[in-house]
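For reference, the structure discussed in these notes is given below.
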Amino acid sequence: MKFGIVGCGTIAGFYASAIEEIEGSHITDVFDVSPQYGEAFAKEQNAVYHSTYQSLLQSDIDTVCICTPSGLHADQVVQASEAGKHVVVEKPIGITMEQLDHISAACKKNSTKLCAISQLFFSESVQKVKKCIDEGRLGKMLLCEVSMKYFRSKEYYLKGGWRGTVAMDGGGALMNQGIHGISLMLLLMGNVKSVSAYTRTLLHNIETEDTAVASMEFENGALGTVIGTTSLNPSSPRTIDIYGSKGHIQLTESQITCWEVEGEERICIRDLDAGASSNPTAFTSDLHRLQLLDFIEAVEQNRRPLLDETAGRKPVELILAIYQASKDHKTIFFNE
């Protein structure tokens, strides 16, 4: 598969490493609004640099990997789909309901496939937890707690000029950093029925929230809480605690740190490194590679990727509902 990369910042390097490890796949074309970054990245990848996005879309690439600021994602996805290209897009796939609808309509109209990056779902530990839940070994689902107590510096928000803005980031601690944990929560627990929330900007000089707390009821009857911040220093690793009538499982980042399920061997691990809670680049490309392998297979077999545009829009819909619940001081009900 021939890949084109749009946006040659830090995250593009992880895609390059992942694609490099997939036999028969190559980055052949790149585009960045900065010729300095774009030409340097193209040289590293032995690829062609394009001075415009439209020029890249006119090349013979099969798939566009979109690694640009969040506010640009939706329009670039639609343009790629209209050009007949499949799309791999970083989180979030869009930042408004209107953008999500345009993405879905474009993919359907043009019969193009979209891969919504949520690479943690492809970790062995997450798959083990999902299998346990799906098989009913955890019993009746009761409670899910997601804790994402992160820290980002003043310099982080100043870099690039778009982070923490409504127009280009779409949100703060939840839409940018917290979306990975929220995606995992939904993939493991299922759809949310209702949500109430508080979102605040308590520390940073940004337009969006740096501290958020939400409570929700899932369609399966379980309750849940989400804490998402970029304001807490020292930070803590992301934890997802899932409780059923037959036990408790905890994921810390993408590793199982507690497994207490009736009739099964007990696991308890302490003191994991803080990782991406304080350093946004503290991860490897291994899980991106696994998700890209699923995407390539989906294209070859003409099936939907495991995480398609439907899976990609669900966490955004929930985050937008959290923002609305906080703004309106009321509970938001889905499917009403």
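The values are calculated or read from the model by the stated rules, or taken from the named source; none is laboratory data. Just so you know, these numbers come straight off a predicted model, no measurement behind them. Cβ sites come from the backbone with ideal geometry, for glycine too, and all protein chains shown count toward neighbours. Side chains are part of the model used for accessible areas, which takes the heavy atoms of the whole protein and leaves out ligands, DNA and RNA. Shrake-Rupley method; radii C 1.70, N 1.55, O 1.52, S 1.80 Å.
Structure notes:
- Residue 27 part of a strand (DSSP E or B), touching a residue at least 12 places away in the same chain (Cβ under 8 Å) and over 17 Å from the mean Cα position of the chain (by Cα): yes
- Residue within the range 52-69 that is aromatic (Phe, Trp, Tyr), under 25 Å from residue 13 (Cα atoms) and in contact with an Asp or Glu (Cβ under 6 Å, 6 or more places away or on another chain) present: no
- Some residue of the range 30-42 being loosely packed, with under 15 Cβ neighbours inside 10 Å and at positive phi: no
Here's the yes/no breakdown for (1) part of a helix (DSSP H, G or I); (2) among the basic types (Lys, Arg); (3) open to solvent by 10 Å² or more (accessible area, probe 1.4 Å); (4) out of contact with any Pro (no Cβ under 7 Å at 6 or more places or on another chain):
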| residue | (1), (2), (3), (4) |
| --- | --- |
| 54 | yes, no, yes, yes |
| 59 | no, no, yes, yes |
| 72 | yes, no, yes, yes |
| 76 | yes, no, yes, yes |
| 80 | yes, no, no, yes |
| 91 | no, yes, yes, yes |
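- Condition check for residue 87: open to solvent by less than 40 Å² (accessible area, probe 1.4 Å), under 22 Å from residue 307 (Cβ atoms), without any contact (Cβ under 8 Å) to a residue 40 or more places away in the chain and touching a Ser or Thr at 6+ places or on another chain (Cβ under 8 Å): yes
- Residue pairs meeting the criteria (Cβ under 9 Å; at least 6 apart or on separate chains; first free of Cβ contacts under 8 Å to residues at least 12 places away in the same chain, in the range 129-141; second assigned to a loop (DSSP other than H, G, I, E, B) and open to solvent by 30 Å² or more (accessible area, probe 1.4 Å)): 131/137; 136/246
- Number of residues in the range 120-144 that are among the acidic types (Asp, Glu) and more than 15 Å from residue 267 (Cβ to Cβ) equals 2.
- Restricting attention to the range 251-265, the residues being assigned to a strand (DSSP E or B), touching a residue at least 40 places away in the same chain (Cβ under 8 Å) and open to solvent by 40 Å² or more (accessible area, probe 1.4 Å) number 1.
- Against the list (1) within 21 Å of residue 298 (Cα to Cα); (2) in contact with a Leu (Cβ under 7 Å, 6 or more places away or on another chain); (3) among the aliphatic types (A, V, I, L, M), the condition residue 97 fails is (1).
- Which numbered condition residue 195 fails, given (1) open to solvent by less than 20 Å² (accessible area, probe 1.4 Å); (2) in a helix (DSSP H, G or I): (2)
- The number of residues in the range 176-192 that are under 11 Å from residue 318 (Cα atoms) and surrounded by fewer than 22 Cβ atoms within 10 Å (Cβ to Cβ) comes to 2.
- When residues of the range 148-182 are limited to those that are out of contact with any Leu (no Cβ under 6 Å at 6 or more places or on another chain) and of a type in the set (D, E, K, R), the one modelled with the lowest pLDDT: 159
- Flag: residue 112 matches the condition of being hydroxyl-bearing (Ser, Thr, Tyr) and over 24 Å from residue 177 (Cα atoms).
- Segments classed as helices (runs of 4 or more DSSP H), wholly inside the range 102-173, with at least 3 members that are open to solvent by less than 40 Å² (accessible area, probe 1.4 Å): 124-134
- Selection within the range 297-310 - within 15 Å of residue 122 (Cα to Cα) and either touching a Ser or Thr at 6+ places or on another chain (Cβ under 7 Å) or surrounded by fewer than 14 Cβ atoms within 10 Å (Cβ to Cβ) (or both): 297, 307
- Hey, residue 45 touching a residue at least 12 places away in the same chain (Cβ under 8 Å) and more than 21 Å from residue 307 (Cβ to Cβ) or not: yes
- Breaking point among (1) modelled with pLDDT under 95; (2) touching a Ser or Thr at 6+ places or on another chain (Cβ under 9 Å), for residue 271: (2)
- Selection count, the range 208-250, where residues are assigned to a loop (DSSP other than H, G, I, E, B) and surrounded by fewer than 16 Cβ atoms within 10 Å (Cβ to Cβ): 6
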